[in-house]
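Student: Sending over a structure as structure tokens; questions will come in a sec.
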Amino acid sequence: MNFWCDTPYITAYVRNEFLHDHEKGKGEFTLCTVFGFRAEPMRVPYFQVMLESGAQWARIPIHALCSKPCPEMTLLLTVWWDSFSRNCQVKEVAFLRNHRVKAIGRDGVQRPGTYLMTIFWCDGGWSEMPDQSKDHHIIALDAGQWIAYPNNRLLWADPSWITGEVPKDWRSPSTNYSVEGMP
């Protein structure tokens, strides 16, 4: 079981209200290094950070992190899904490293950002359903906020070869394929 995973080391900021149980610190930020991920089903993605003071914090939610001080975003615009299980792998996918991307929010707005890492889910409910399995791609929006979005809410950019429009009639696969098992 991978309840806790290493992440790439990334310098970021934590919104101070999350360090004070929302009693104070709103609009203030503390420099940190993100170095771990914690998988808790039915909870937003959580991260492990080391603050510039040397204090280590666990369970920092995705909406508390940003690449630079910025206005807060609602939780519903920051992450599409809670964590799917206690089993995951976190990886910076080499092909996506530093790729530019547009994240399509629940409000229909496309927000530009840069890829940081991906959380791959396994052994848990929806993560095993072919039409429901969703990775969490962690993106640093240009405005600063970190978000966790699935494949179908991201449009990747690479001017050297990505062109054209995404067909609107595509659907997620609903079939599991197996040469030996049940279809």
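Student: Relative to the Cα centre, what is the charge dipole magnitude of region 11-119, using +1 at the beta carbon of each Lys and Arg, -1 at the beta carbon of each Asp and Glu, and rounding to the nearest 20 debye? Provide the component values of the computation, followed by the final result.
Tutor: On the way: 14 positive and 10 negative charges, 82 e Å.
Roughly 400 debye, rounded to the nearest 20.
Student: Cα-Cα over 29 Å: which of LYS134/LYS168; LYS26/LYS91; LYS26/LYS134? Don't skip to the end; give the middle numbers.
Tutor: Numbers: LYS134/LYS168 19 Å; LYS26/LYS91 31 Å; LYS26/LYS134 32 Å.
In this structure, LYS26/LYS91; LYS26/LYS134 exceed 29 Å between Cα atoms.
Student: Now for a separate question. Only helical DSSP H runs with n ≥ 4 go in: add -39500 (n - 2.57) per run for the chain, normalise by residue count and round the 222 nm mean residue ellipticity to 500 deg cm²/dmol.
Tutor: Working: 1 runs with 4 residues, N = 183.
One gets -500 deg cm²/dmol as the mean residue ellipticity at 222 nm.
Student: Expressed as a whole percent, how much of the Cα-Cα distance distribution for the chain exceeds 21 Å?
Tutor: On the way: 8659 of 16653 pairs.
When every Cα pair of the chain is considered, 52 percent fall beyond 21 Å.
Student: At 1.4 Å probe size, put MET117, MET50 in order of accessible surface, largest to smallest.
Tutor: Values: MET117 0, MET50 70 Å².
If we order MET117, MET50 from most to least accessible, we get MET50, MET117.
Student: When ligands, DNA and RNA are left out and all protein chains stay put, how many square angstrom of accessible area per residue does the chain have with a 1.4 Å probe?
Tutor: Details: 10660 Å² over 183 residues.
Averaged over the residues of the chain, the accessible area is 58 Å².
Student: If you place +1 on the Cβ of every Lys and Arg, -1 on the Cβ of every Asp and Glu, and leave all else neutral, what size is the dipole of the chain about its Cα centre, to the nearest 20 Debye? Could the numbers behind the result be given before it?
Tutor: On the way: 18 positive and 20 negative charges, 55 e Å.
So the dipole magnitude of the chain works out to roughly 260 debye.
Student: Can you send over the carbon and sulfur percentage of the accessible area for the chain, probe radius 1.4 Å, protein chains only? Write out the running numbers ahead of the final one.
Tutor: Working: 5690 of 10660 Å².
On the chain, the fraction of accessible area on carbon and sulfur atoms equals 53 percent.
Student: Probe 1.4 Å, all protein chains in place: accessible area of LEU31 in Å², nearest 10?
Tutor: Its heavy atoms expose roughly 60 Å² to the probe.
Student: Also, quick follow-up: If you take the square roots of the eigenvalues of the alpha-carbon gyration tensor of region 1-109 and sort them as a ≥ b ≥ c, do you get rounded (a/c under 1.5), prolate (a/b over b/c) or oblate? Please list the in-between numbers first.
Tutor: Working: a/c = 1.34, a/b = 1.13, b/c = 1.19.
Since a/c stays below 1.5, the shape of region 1-109 is classed as rounded.
Student: Could you tell me which of GLY164, HIS136, TYR9 has its Cα farthest along the dipole of the chain towards the positive end, charges placed at Cβ (Lys, Arg +1; Asp, Glu -1), taken about the Cα centre?
Tutor: So the residue we want is GLY164.
Student: A follow-up question, please. How would HIS20, HIS136 line up by accessible area, probe 1.4 Å, largest first?
Tutor: Values: HIS20 70, HIS136 0 Å².
The ordering from most to least exposed comes out as HIS20, HIS136.
Student: Suppose we keep just the DSSP beta bridges with both residues in region 1-160; what percent of those would be antiparallel, to 5? Present the calculation step by step, with values, prior to reporting the outcome.
Tutor: Details: 45 of 47 bridges.
Percent antiparallel among DSSP bridges in region 1-160 is about 95.
Student: While we're looking at this one, here's another question. Sort LYS168, LYS134, LYS24, LYS68 from largest to smallest accessible area, using a 1.4 Å probe on the heavy atoms of the protein chains.
Tutor: Working: LYS168 190, LYS134 30, LYS24 125, LYS68 95 Å².
I get LYS168, LYS24, LYS68, LYS134, largest accessible area first.
Student: Dividing the Cα radius of gyration by the Kirkwood radius, what Rg/Rh value follows for region 35-91? Walk me through the numbers before you get to the answer.
Tutor: Numbers: Rg = 12.1 Å, Rh = 12.4 Å.
When Rh is taken as the Kirkwood radius, the ratio is 0.98.
Student: Would you work out which of GLY108, VAL79, HIS20 lies farthest towards the positive end of the dipole of region 1-132, given +1 charges on the beta-carbon of Lys and Arg and -1 on that of Asp and Glu, about the Cα centre?
Tutor: GLY108
Student: Taking the full set of protein chains and a 1.4 angstrom probe, give the accessible area of ARG106 in square angstrom, rounded to the nearest 10.
Tutor: ARG106 exposes around 100 Å² with every protein chain in place.
The values are calculated or read from the model by the stated rules, or taken from the named source; none is laboratory data. Since we're looking at a predicted model, the values are computed, not measured. FYI the Cβ positions are ideal-geometry reconstructions off the backbone, even for glycines, and counts take in every protein chain you see. The area values use the complete protein model at the heavy-atom level, side chains included, leaving out ligands, DNA and RNA. Shrake-Rupley method; radii C 1.70, N 1.55, O 1.52, S 1.80 Å.
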